[in-house]
Amino acid sequence: MLFYPTAIGWHPKEKAQYGAQQADAWHTIQRSHAIANGLYVVAVNRIGHETPAGGDGIEFFGGSFVADPSGVVLKEASRDKEEVIVVECDRRRIEDTRRNWPFFRDRRIDAYGDLTKRFSK
């Protein structure tokens, strides 16, 4: 399992314009972690509004969820209240998913060396 804690949300002045697409992007990237790695992802996000002195603060959008190794959301928490969700995760599903759709099976990790360099030769 991959536990992915976040504290992500909207600036109040941007929520109307960007809120839905930002929340959707967060949801999509978390699900893609499950797919790419063939495992369960527990995406945790806080809720509430935090306002520092002299600012508008940030509204955290909650929506924590658990996705299976295929990226299917098994259960999702509320967007406006604290709660705990419990999801049964069958570890055999990980092996089955990785065997039947080996997302990273054919990668060439021997060719990754130049990724750590600013310029390749």
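Only the coordinates and a few stated rules stand behind these numbers; no lab work does. Quick caveat: nothing in here was measured; it's all calculated off a predicted structure. Quick reminder, even Gly has a Cβ in these numbers, built from the backbone with ideal geometry, and neighbours come from all protein chains shown.
Among residues other than residue 81 whose Cβ falls under 14 Å from its Cβ, what is the net charge (Lys/Arg +1, Asp/Glu -1)? Working shown, then result.
Details: positive: 46, 79; negative: 59, 76, 80, 82, 83.
Residues close to residue 81 contribute a combined charge of -3.
Counting only other residues whose beta carbon sits under 14 Å from that of residue 55, what net charge do I get with K and R as +1, D and E as -1?
Result for the local shell: -3.
In segment 2-116, with Lys and Arg counted as +1 and Asp and Glu as -1 at Cβ, which of these residues, 89, 22, 78, has the Cα nearest the positive end of the dipole, that is, farthest along it?
It is 89, whose Cα lies furthest towards the positive end.
What does the charge add up to near residue 41, with Lys and Arg as +1, Asp and Glu as -1, over the other residues with Cβ less than 10 Å from its Cβ?
On the way: positive: 31; negative: 68.
Its environment carries a net charge of 0.
Which one is right for this structure if volume of the Cα convex hull per residue in Å³ is calculated from it: (i) 98; (ii) 119; (iii) 153?
Only one listed value fits the structure, namely (iii).
What's the ranking of 40-52, 62-74 by average number of surrounding C-beta atoms within 10 Å, highest first? Display every interim value, and only then the final one.
Numbers: 40-52: 16.8, 62-74: 19.3.
Most protected by this proxy first, the peptides run 62-74, 40-52.
On C-alpha positions alone, give me the angle between the axis of helix 91-100 and the longest principal axis of the chain, in degrees, nearest 10.
That helix lies at roughly 60 degrees to the long axis.
Just name one of 10, 32, 53: the one whose Cα is farthest towards the positive end of the charge dipole of segment 2-116 (beta-carbon charges, Lys/Arg +1, Asp/Glu -1).
About the Cα centre, the residue reaching furthest to the positive side is 32.
Mind checking the angle between helix 15-37 and the chain's longest principal axis? C-alpha axes, 0 to 90 degrees, to the nearest 10.
30 degrees
Please find, in a Gaussian network model of the chain (springs between Cα atoms separated by less than 10 Å), the residue of 20, 77, 36 whose mean-square fluctuation is greatest.
20
Just to be sure I understand: of the beta bridges DSSP finds with both ends in the chain, what percent are antiparallel, rounded to 5?
Numbers: 12 of 17 bridges.
Around 70 percent antiparallel, to the nearest 5.
Which value in deg cm²/dmol, rounded to the nearest 500, describes the helix-derived mean residue ellipticity at 222 nm for the chain, given -39,500 (n - 2.57) per DSSP H run of n ≥ 4 and division by the residue count? All intermediate terms of the calculation are to be shown ahead of the outcome.
Values: 2 runs with 33 residues, N = 121.
Theoretical 222 nm ellipticity from helices: -9000 deg cm²/dmol.
Rounded to the nearest 20 debye, what is the charge dipole size of the chain about its Cα centre when +1 sits on each Lys and Arg Cβ and -1 on each Asp and Glu Cβ?
On the way: 18 positive and 17 negative charges, 136 e Å.
Computed about the Cα centre, the dipole is about 660 debye.
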